[in-house]
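The values are calculated or read from the model by the stated rules, or taken from the named source; none is laboratory data. All values reported here derive from a predicted model rather than from experimental measurement. Quick reminder, even Gly has a Cβ in these numbers, built from the backbone with ideal geometry, and neighbours come from all protein chains shown. Side chains are part of the model used for accessible areas, which takes the heavy atoms of the whole protein and leaves out ligands, DNA and RNA. Shrake-Rupley method; radii C 1.70, N 1.55, O 1.52, S 1.80 Å.
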Amino acid sequence: MTTTQAEPAPPVPPTEEAPQRVTRAGDSIFRGLATGAGLMIMLALAGVAIFLVLQSIPAIGASGDQAYGADNIVVYIWPLLFGTILAAVIALIIATPLAIGVALVISHYAPRRIARLLGYLIDLLAAVPSVVYGLWGRETLQGWVFPIYDWLHDTLGFLPFFAGPVTTGRTILTAGVVLAVMALPIITALCREVFLQTPVMHQEAALALGATRWEMIRMAVFPYSRSGITSAVMLGLGRALGETMAVAMVLSAAGVVTFNLISSQNPSTIAANIALNYANASGTKTNVLIAGGLVLFVVTFAVNFLGRWLAARGQVKA
């Protein structure tokens, strides 16, 4: 009678302990600094909002001389809000296609040395103070555009935008051109970086299928960069909405609501109006000006929120 020997059980592999997370002091310090910086920004934004709201409350019932001759605060702020949006829209209409074109030249068309030099020149425009742009617009640009305005009035005077009369070059259109030059480096720099992030494989695939360079840009670069272009345009719009000194120095404002872009009767902007009147304001007049600042704060916040939403929506679709 034979006895079968039981086979030894297979060795049980040693249990691996979960790796313990090592927290370094540097990581904790950096996390704390980053969190503190974010909280400081939120607190500063909340503090500005609270200040504007509290200081604007006395302006609700202002009228007459306290509201700079307007019947109420709404009648006073509405032309300024209209002028702010009109000048910013003019600036975007001029700056956006030009900025996208320059960004494409830098990223896809120009040789590397020329593209690098052109990029430096565009970035230098962002370092020029706004008061310099204001001096340039007031002393030089208005003389250059005056014959153009005269031609627009004679040729396209049947349109309400160019009805005239042309008596000065310090118009809302001139202010829009100055704002376009100021917004150009922001939009160009962001669009350039977004275009350069387009996957090379997508571009090479389009070229391999027989697409021209423009068709490759249209089919591969633009769809990939849609959200980035939107963000760049919105940041440029925010720059144009909040600009103060350049508009105050260039624009010959009369506080009217009009779409006539080349007339001497121009709407002013909120920021320029505050800069021109705040030094001599007192009492309720100061609150009225701060109320205008609150409106500009809300508009700027809404524009930035819309830009973030459009950018996020474009990324989801992509």
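Just one of the listed residues (L124, L52) is in a helix (DSSP H, G or I) and open to solvent by 30 Å² or more (accessible area, probe 1.4 Å), and it is L124. Residue count for segment 250-290 satisfying the condition of being of a type in the set (F, W, Y) and buried (at least 16 other Cβ atoms within 10 Å of the Cβ): 0.
Can you tell me which residue among A103, A95, A91, A67 is modelled with pLDDT under 90 and either open to solvent by less than 20 Å² (accessible area, probe 1.4 Å) or in contact with a strand residue (DSSP E or B) (Cβ under 6 Å, 6 or more places away or on another chain) (or both)?
On the way: A103 fails: modelled with pLDDT under 90; A95 fails: modelled with pLDDT under 90; A91 fails: modelled with pLDDT under 90.
One residue alone meets the criteria, A67.
Annotation note: of V166, V233, V181, the sole residue that is open to solvent by 10 Å² or more (accessible area, probe 1.4 Å), under 19 Å from L86 (Cβ atoms) and not in a helix (DSSP H, G or I) is V166. Whenever a residue of segment 101-130 is more than 16 Å from L196 (Cα to Cα) and touching a residue at least 24 places away in the same chain (Cβ under 8 Å), its partners that are among the acidic types (D, E) and open to solvent by less than 100 Å² (accessible area, probe 1.4 Å), lying with C-beta atoms within less than 9 angstrom and at least six residues away or across chains, give the pairs S130/E243.
Note on segment 167-192: residues that are under 16 Å from the mean Cα position of the chain (by Cα) and charged (D, E, K, R) amount to 1.
Among the residues of segment 193-219, those that are open to solvent by 30 Å² or more (accessible area, probe 1.4 Å), under 30 Å from R239 (Cβ atoms) and assigned to a helix (DSSP H, G or I) comprise E193, V194, L196, W214, R218.
Quick one: which of I85, I93, I77 is assigned to a helix (DSSP H, G or I) and farther than 22 Å from M182 by Cα? Step through it out loud before you land on a result.
Working: I85 fails: farther than 22 Å from M182 by Cα; I93 fails: farther than 22 Å from M182 by Cα.
Among I85, I93, I77, only I77 is assigned to a helix (DSSP H, G or I) and farther than 22 Å from M182 by Cα.
Does G143 qualify as being in contact with a His (Cβ under 6 Å, 6 or more places away or on another chain) and more than 29 Å from F222 (Cβ to Cβ)? Spelling it out, it is not the case that G143 is in contact with a His (Cβ under 6 Å, 6 or more places away or on another chain) and more than 29 Å from F222 (Cβ to Cβ). Residues that are in contact (Cβ under 8 Å) with a residue 40 or more places away in the chain and out of contact with any strand residue (DSSP E or B) (no Cβ under 6 Å at 6 or more places or on another chain) do not occur anywhere in segment 199-212.
Listed by first and then second residue, the pairs linking a residue in segment 275-287 that is in a helix (DSSP H, G or I) and at pLDDT 85 or above to a residue that is loosely packed, with under 15 Cβ neighbours inside 10 Å and among the acidic types (D, E), with Cβ atoms under 9 Å apart and 6 or more places separating them unless they lie on different chains, are K285/D65.
Looking for whichever is open to solvent by 40 Å² or more (accessible area, probe 1.4 Å), free of Cβ contacts under 8 Å to residues at least 24 places away in the same chain, part of a loop (DSSP other than H, G, I, E, B) and of a type in the set (A, V, I, L, M, F, W, C) here; the options are F158, F222, F146. Which one fits? Exactly one residue qualifies, and that residue is F158.
Selection of segment 236-250 for residues being over 19 Å from R308 (Cβ atoms) and part of a helix (DSSP H, G or I) yields M245, A246, V247, A248, M249, V250. Among A302, A240, A311, A246, which is among the small types (G, A, S), surrounded by fewer than 17 Cβ atoms within 10 Å (Cβ to Cβ) and closer than 18 Å to L92 by Cα? After applying the criteria, what remains is A302. Listed by first and then second residue, the pairs linking a residue in segment 56-79 that is touching a residue at least 24 places away in the same chain (Cβ under 8 Å) and within 18 Å of V298 (Cβ to Cβ) to a residue that is open to solvent by 30 Å² or more (accessible area, probe 1.4 Å) and among the hydrophobic types (A, V, I, L, M, F, W, C), with Cβ atoms under 8 Å apart and 6 or more places separating them unless they lie on different chains, are S56/L294; I73/I60; I77/V295; W78/V257; P79/V256; P79/V257.
Yes/no per residue for (1) at pLDDT 85 or above; (2) more than 30 Å from P165 (Cα to Cα); (3) among the hydroxyl-bearing types (S, T, Y):
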| position | (1), (2), (3) |
| --- | --- |
| C191 | yes, yes, no |
| A205 | yes, yes, no |
| F222 | yes, yes, no |
| A232 | yes, yes, no |
| E243 | no, no, no |
| S252 | no, no, yes |
| V256 | no, no, no |
| L289 | yes, yes, no |
